[in-house]
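The next block holds one structure in the form of structure tokens; read it before the comments.
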Ligand code: GRF
């Protein structure tokens with residue numbers, strides 16, 4: 001299966017997916033909207049194709065997303081993986097990749113969509129926190145949940161300490177979900193729902 005990974009920054013989740021050497025998964029390209037994303041150099045050093053599409057060069061979200069689709073589709077992806085890709089995507093984009101577009105979000109969705117998830121979890125007095133991998137739909141940080149990982153929020157936890165523990169879990173969870181897709185184990189129905197009965 002051809003996998004295209006979208007990043008905007010350090011790309012530690014992208015690295016975890018690449019390093020997992022998932023059978024049946026070929027990392028066809030890593031695409032960034034930011035020319036200075038640290039993850040780009042990391043991927044290029046490993047011989048992975050990279051592409052940059054700077055959103056600042058486009059007048060509208062639609063124009064950017066149309067160009068992004070063109071770039072991604074050159075690699076004929078079976079799965080598009082958002083890994084710290086910090087752009088809101090149009091319904092045109094999410095519709096184009098319906099059922100083959102996934103994201104990892106650093107909270108236990110549906111709690112805390114959006115930014116500053118760890119701070120909000122601490123401020124709300126949550127005793128657990130975690131991360132969610134989900135199919136991407138037009139609504140930000142929504143869409144059918146594919147997997148979740150849970151950590152304890154410890155007394156006195158700082159935002160950074162909690163974020164670091166959740167990130168360690170992200171690096172385990174995300175490659176695992178990609179491996180399910182690579183093995184053809186996630187069935188997405190016509191209504192967009194995910195059948196997970198065949199996954200481990
Ligand atoms: C992760 O916390 C991920 O959950 C969120 O953005 C961060 C990306 O980190 N969507 P990295 O670029 O993969 O290191």
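Mind checking the angle between helix 159-182 and the chain's longest principal axis? C-alpha axes, 0 to 90 degrees, to the nearest 10.
50 degrees
Most fluctuating residue of 36, 141, 65 in a GNM of the chain with Cα springs under 10 Å: which is it?
Its mean-square fluctuation being the largest, the pick is 36.
For a quick protection proxy, order the peptides 105-115, 75-85 by their average other-Cβ count within 10 Å, most packed first.
In descending order of packing, they fall as 75-85, 105-115.
When only alpha-carbon atoms count, how far does the chain stretch along each of its three principal axes, as whole angstroms with the largest first?
Here the spans come out as 48, 39, 33 Å, largest first.
Can you classify segment 136-178 as rounded, prolate or oblate using the Cα gyration tensor, where a ≥ b ≥ c are the square roots of its eigenvalues, rounded means a/c under 1.5, and otherwise it's prolate if a/b beats b/c and oblate if not?
Prolate, because a/c is 1.5 or more and a/b exceeds b/c.
For the chain, set up a Gaussian network in which alpha carbons nearer than 10 Å are linked by springs, and say which option among 70, 49, 170 fluctuates the most.
So, out of 70, 49, 170, the one fluctuating most is 70.
Could you grab the Rg to Rh ratio for segment 10-53? Cα atoms only, Kirkwood for Rh.
Radius of gyration over Kirkwood radius for segment 10-53 works out to 0.95.
For segment 83-192, take the alpha-carbon Rg, divide it by the Kirkwood Rh, and send me Rg/Rh.
0.99
Taking the DSSP beta bridges in segment 2-136 as the whole, what percent of them are antiparallel, to the nearest 5? Provide the component values of the computation, followed by the final result.
Details: 4 of 20 bridges.
Within segment 2-136, antiparallel bridges account for around 20 percent of the total.
As a footprinting exposure proxy, order 126, 131 by other Cβ within 10 Å, with the fewest listed first. Please report the intermediate quantities before stating the final value.
Values: 126 19, 131 26.
Listing 126, 131 from fewest to most nearby Cβ atoms yields 126, 131.
Tell me, how many Å apart are the Cα centres for segment 149-200 and for segment 88-130?
Segment 149-200 and segment 88-130 have Cα centres separated by 11 Å.
Specify the residue with the greatest mean-square fluctuation among 47, 39, 184, computed from a Gaussian network of the chain linking alpha-carbon atoms under 10 Å apart.
47
Does anyone have the angle between helix 61-73 and the longest principal axis of the chain? Alpha-carbon axes, 0 to 90°, nearest 10?
Taking Cα atoms only, the helix is inclined about 70 degrees.
FYI, it's all coordinate maths here, none of it is from the lab. This is a predicted model, so every value here is computed, not measured. Cβ atoms come from the backbone with ideal geometry, glycine included; neighbour counts cover every protein chain shown.
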